[in-house]
Amino acid sequence: MKAKSVRRSLVGWAIAAALILAPLVVVGANMIGRYSGLTVDRESPDAVLARLGPHFEVTRPDWPGPYPTALLFSGCDGPSSNIAAWAAAMAERGWATIMIDSHTPRGLHEPQLWPLVCAGQVMTGAERAGDVAVALAHARALSFVDAERIALIGASHGGWAILEFLSMADHGEVPITLTDWPIGMHAPATEGVRGAVLLYPYCGELNRASWLGWESEIPMLFLLAEGDLVADEEDCLDVIEREVARGLPLEAEVFTGVTHGFDHVSSLEFSLNTYDAEAAARAFEMMGSFLDRSLRFTPAAQ
């Protein structure tokens, strides 16, 4: 009887372990599939633009262009209060902005879905790299955009997408959601991009830039949160140290006493992020000053 009890106990433990591990295996397989592109559909750049374009939001100064222009990419919760604040702050400096909504066209705009986006289960930064490419090609052709003075600004998941785009572009890899690069986006695909600002981006191992890096000498500013519980700032600092050693023009500022998403006026349910008005104002000023300097743009000249 004892032997039977032991066998039954072992079988029970095996079943319990399988029930616990199975969801983890599924989650891991899904993430790898999406990251590698094996489970992601590829579309033409025109098809992607047709889906994303109706959701672009443009903000620009009230004087004639063309203007230096920033493309704005939100975090995993989609366009929020911080994106609107960026657009308003940049317009005051003489910049146009184009907010790219990657969420609504994919049906990911419901608040309860943001944890899945953050976890890379329904949309990875690698997938959004195609959005960056399509939006950049589209922006270059707009009459109000100074095609030689474009910046990329991304928060969290949006920063991850920008880093993925830069790494793919510089290694000749078409973004995993696209059948090809957009028409006119010849090497280098980053042509016209003169600066980038990344707020608390994900720089971990699932970001190909963390191990492949990039080559474009685009000035970049990383605005990080010390002790970030969502996107470890140490991962970004390691990447920055490595790329600076290779001669790339990167800068970083680590904000203390703040959380991930410190520039969000409102946080979603279950979020541990806390708004910090003083840190947000400082980040906006640093962002604007850095990009003005990188693009050799003087707002007062307008």
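The set of residues from the stretch 188-216 being at pLDDT below 95 and within 24 Å of Y67 (Cα to Cα) comprises P188, A189, T190, E191, G192, S216.
Does V40 satisfy the condition of being in a loop (DSSP other than H, G, I, E, B), modelled with pLDDT under 90 and not aromatic (F, W, Y)? Reasoning before the result, please.
Working: in a loop (DSSP other than H, G, I, E, B): yes; modelled with pLDDT under 90: yes; not aromatic (F, W, Y): yes.
The answer is yes for V40.
For the stretch 238-257, a residue qualifies if it is open to solvent by less than 50 Å² (accessible area, probe 1.4 Å) and part of a helix (DSSP H, G or I), and the qualifying residues are V239, I240, E243.
The values are calculated or read from the model by the stated rules, or taken from the named source; none is laboratory data. All of these numbers come straight from a predicted model, not from anything done at the bench. Just the protein is used for accessible areas: all its heavy atoms, side chains included, with ligands, DNA and RNA removed. Shrake-Rupley method; radii C 1.70, N 1.55, O 1.52, S 1.80 Å.
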